[in-house]
Amino acid sequence: MSKKRRVPSFGEFATRGLDEGTLTIAGKKLKVRIGEVPQSELLFFAENPRVHSLLHSDGTEPTQEEIQDQLEGMENVKKLVQDIRRNGGLIDALIVLSGSREVIEGNSRLAAYRCLAREDPIRWGKVKVTLLPEPVEGVVIDVLLGQYHLKGKTEWLPYEQAGYLYRRVNNHGASVEDLAAELGFGQKWITQMIAAYEFMVEKKDNVRGRWSYYYEYIKSRQIKKARKLFPKMDAVVVKMIKAGEIEKAQDLRDKLPVICTSRGKALEKLVTGRLDFDDAYELAEHHGATNTSFRKLERFRAWLAESEVRKRLADSPPPVLKRVAFEVRQLRRLLDSLEKKLV
């Protein structure tokens, strides 16, 4: 993990003439300064999820130049360049920590502004900001980012949202219950998002384009059961995801649970490398894993095969017992009829 940078705060020349104001975040009223400062003086905020998602594969923090290069290649930043040029400036000010000069909210807009500054350094030399005093409690920054990008008008990508939630819990000590109350999202969704991001961290995969694969993998109940039975399954599936052997995340969502619940040893053959993903799915299909009627019949038989189920039915009160006997006779008749058609 890279050490926190030490950077000088804004000089008096940069902030002279800014207006004073207040901003309320997380129930705290902060005294802020509002106005324009040189955009060249500002720094991208590495803890912002959109920036954090650009970390190098070895976990090291990218340089400011690398962040600029990455951000300006994103479609939303290209659109911002056009919007800002058309408007003649920013509508919403960047929110900046006055001590460190880091832009905690508005990194994409800063990147867009710098694209414009290369065309006309004078016109786009200064940018509108709201300067927060320092020190600022971490919870203030966390709440501000969450309100803007999980509930506000500019949502992060799911991978960035998950990274934010993961760091709130693991780095800043928030609980899932706290986040659910603060953000208005369900605890189950938050837990799944954190679990999927944590899995990516554990498997050393920070490619945000692969997020959907991991999210579908972690949230599926059928896959979760299969992972317990086959400890090597995680390594096999991660290798497939990284190698692009599963064409779409939708394929993983729709096909892997079928493989996991197949009776034809499709999963075992996938995990041991005897079948690739598509062939394992074909085998599962061949054994009826995608046939809804067959699956319902199979589940009913498995349910009735449980000794406890049969004991409860046999111990039913007399009025219910009569109805149970009637249903059994009807089942026998229907099953005999079906069996004759199958022979």
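The values are calculated or read from the model by the stated rules, or taken from the named source; none is laboratory data. Worth saying up front: this structure is predicted, and the values here are computed from it rather than measured. Here the Cβ is made from the backbone with ideal geometry for all residues, glycine too, and neighbour counts use every protein chain on show. Surface areas here come from the heavy atoms of the whole protein model, side chains and all, with no ligands, DNA or RNA. Shrake-Rupley method; radii C 1.70, N 1.55, O 1.52, S 1.80 Å.
Cα gyration tensor of the range 251-343, axes a ≥ b ≥ c as square roots of the eigenvalues: rounded (a/c below 1.5), prolate (a/b > b/c) or oblate? Since a/c reaches 1.5 and a/b is larger than b/c, the shape of the range 251-343 is classed as prolate. Placing a pseudo-label 7 Å from each Cα along the Cα-to-Cβ vector at Val309 and Lys265 gives an inter-label distance of 2.6 nm. For Leu43, the amide hydrogen comes within under 5 Å of the amide hydrogens of Glu102, Val103, counting only partners 5 or more places away or on other chains and with H modelled in the peptide plane. Computed with a 1.4 Å probe over protein heavy atoms only, the accessible surface of the chain comes to 59 Å² per residue. If you roll a 1.4 Å probe over the chain with all protein chains in place, what percent of the accessible area is carbon or sulfur? Carbon and sulfur atoms account for 52 percent of the accessible area of the chain.
Here is how the number arises for the chain: DSSP H runs of 4 or more residues each give -39500 (n - 2.57), the sum is divided by the residue count, and the result at 222 nm is -17000 deg cm²/dmol.
Over 15 Å, how big is the tail of the calculated P(r) for the range 55-132, in percent of all Cα pairs? Above the 15 Å cut-off, the range 55-132 has 58 percent of its Cα pairs. Pairs from the list Lys269/Lys341; Lys78/Lys128; Lys224/Lys269; Lys225/Lys269; Lys79/Lys204; Lys255/Lys341 with a Cα-Cα gap above 25 Å: Lys269/Lys341; Lys79/Lys204; Lys255/Lys341. Residues whose amide H lies under 5 Å from that of Lys126, counting only those 5 or more places away or on a different chain, are Gln39; hydrogens are built 1.01 Å from N in the peptide plane. The modelled label-to-label distance for the pair Ala302/Gln82, using points 7 Å beyond Cα in the direction of Cβ, is 5.2 nm.
Under a 5 Å amide H cut-off, with hydrogens placed 1.01 Å from N, Ser53 pairs with nothing among residues at least 5 apart or on other chains. Taking the range 33-94 as the region of interest, what is the percent of Cα-Cα pairs per 10 angstrom bin, listed from the shortest bin to the one with the maximum distance? Over the range 33-94, the share of Cα pairs per 10 Å bin runs 17, 46, 31, 5 percent. Translational diffusion of the range 135-267, estimated by Stokes-Einstein from the Kirkwood radius over alpha carbon pairs at 37 °C in a medium of 0.692 mPa s, is 204 µm² per second. Where a ≥ b ≥ c are the square roots of the eigenvalues of the C-alpha gyration tensor, would you call the range 58-214 rounded, which needs a/c under 1.5, or, failing that, prolate if a/b is larger than b/c, or oblate? Because a/c hits 1.5 or more and a/b exceeds b/c, the range 58-214 counts as prolate. Taking a ≥ b ≥ c as the square roots of the eigenvalues of the Cα gyration tensor, an a/c ratio of 1.5 or more together with a/b larger than b/c marks the range 204-304 as prolate.
I'd like the antiparallel share, as a percent to the nearest 5, of DSSP beta bridges with both residues in the chain.
On the way: 15 of 21 bridges.
Taking every DSSP beta bridge with both residues in the chain, the antiparallel ones total about 70 percent.
Between Asp279 and Asp251, the simple label model (points 7 Å from Cα in the Cβ direction) yields a spacing of 1.5 nm. Within the full protein context, the accessible area of His287 is estimated at about 80 Å² for a probe radius of 1.4 Å. In the range 131-204, taking the dipole from charged Cβ atoms about the Cα centre, the farthest positive-side position among Val136, Thr191, Ala174 is held by Thr191.
Write down Rg/Rh for the chain, rounded to two decimals, with Rg from the C-alpha atoms and Rh from the Kirkwood relation over Cα pairs.
Numbers: Rg = 28.3 Å, Rh = 24.5 Å.
Reported Rg/Rh, Kirkwood definition of Rh: 1.16.
Find the relative contact order for the chain and round it to a whole percent, using C-alpha pairs within less than 8 Å whose residues are 6+ positions apart. If you can, show how the numbers build up before the last one.
Details: 374 pairs, mean separation 40.2, N = 343.
It rounds to 12 percent for the chain.
If R0 equals 56 Å, the separation of the Cβ atoms of Ala235 and Arg123 corresponds to a calculated FRET efficiency of about 0.55. Magnitude of the charge dipole for the chain, about its Cα centre and with charges confined to Cβ atoms of Lys, Arg (+1) and Asp, Glu (-1), is about 1720 debye.
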